[in-house]
Amino acid sequence: MAIVDVTVIPIGTETPSVSKYVASIQKILKNYEAEEKIKFQLTPMNTIIEGDLPILFEVIQAMHEVPFSEGIKRVATSIRIDDRRDVKRTMEYKVERVNSLVNENEDK
């Protein structure tokens, strides 16, 4: 299982706001999640997605296509992949682990 950090940047929008494109992308992600293919989390700056790498590439391509389908002529998509194969780790586990270390250090 892999975790990817994806940022889709539509270039040449009418206004500085890109929230309508983000909302359209989130709808696609919700469909994949409803099919139990992925888990995802929206953040203020990007989207984190968890799942099998081949499916994640499919999802990323679908995300990348959204602004084009809404009339944008240029899109830049940044992808960062965390693919650990010796153990299975979820997004939640990684956050909980760091928080437990923070709390452990505060107790000292």
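Under the condition of being of a type in the set (D, E, K, R) and more than 30 Å from residue 85 (Cα to Cα), which residue from the stretch 1-36 is surrounded by the fewest Cβ atoms within 10 Å (Cβ to Cβ)? Lay out the reasoning, then the answer.
Filtering the stretch 1-36 down to residues of a type in the set (D, E, K, R) leaves 5, 14, 20, 27, 30, 33, 35-36.
The next check asks that each one be more than 30 Å from residue 85 (Cα to Cα); those that pass are 14, 20.
Details: 14: 7, 20: 13.
Out of the qualifying residues, it is 14.
Within the stretch 85-108, which residues are surrounded by 10 or more Cβ atoms within 10 Å (Cβ to Cβ) and touching a residue at least 24 places away in the same chain (Cβ under 8 Å)?
89, 90, 91, 94
Quick one: in the stretch 1-51, which of the residues that are among the basic types (Lys, Arg) and without any contact (Cβ under 8 Å) to a residue 40 or more places away in the chain is nearest to residue 66 (Cα to Cα)?
27
Which condition from (1) on the phi < 0 side of the Ramachandran plot; (2) assigned to a loop (DSSP other than H, G, I, E, B); (3) free of Cβ contacts under 8 Å to residues at least 40 places away in the same chain is the one that residue 71 breaks?
(1)
Hey, residue 29 hits all of (1) under 23 Å from residue 95 (Cα atoms); (2) touching a helix residue (DSSP H, G or I) at 6+ places or on another chain (Cβ under 6 Å); (3) among the hydrophobic types (A, V, I, L, M, F, W, C) but one; which does it fall short on?
The one condition residue 29 does not meet is (2).
So, in the stretch 37-76, exactly how many residues are under 12 Å from the mean Cα position of the chain (by Cα), more than 15 Å from residue 7 (Cβ to Cβ) and exposed (fewer than 11 other Cβ atoms within 10 Å of the Cβ)?
Counting residues in the stretch 37-76 that are under 12 Å from the mean Cα position of the chain (by Cα), more than 15 Å from residue 7 (Cβ to Cβ) and exposed (fewer than 11 other Cβ atoms within 10 Å of the Cβ) gives 0.
Bear in mind these aren't lab numbers, they're just calculated from the coordinates by the rules spelled out. Everything quoted here is computed from the prediction, not taken from an experiment. No Cβ is skipped: glycine too gets one built from the backbone with ideal geometry, and neighbour counts run over all protein chains shown.
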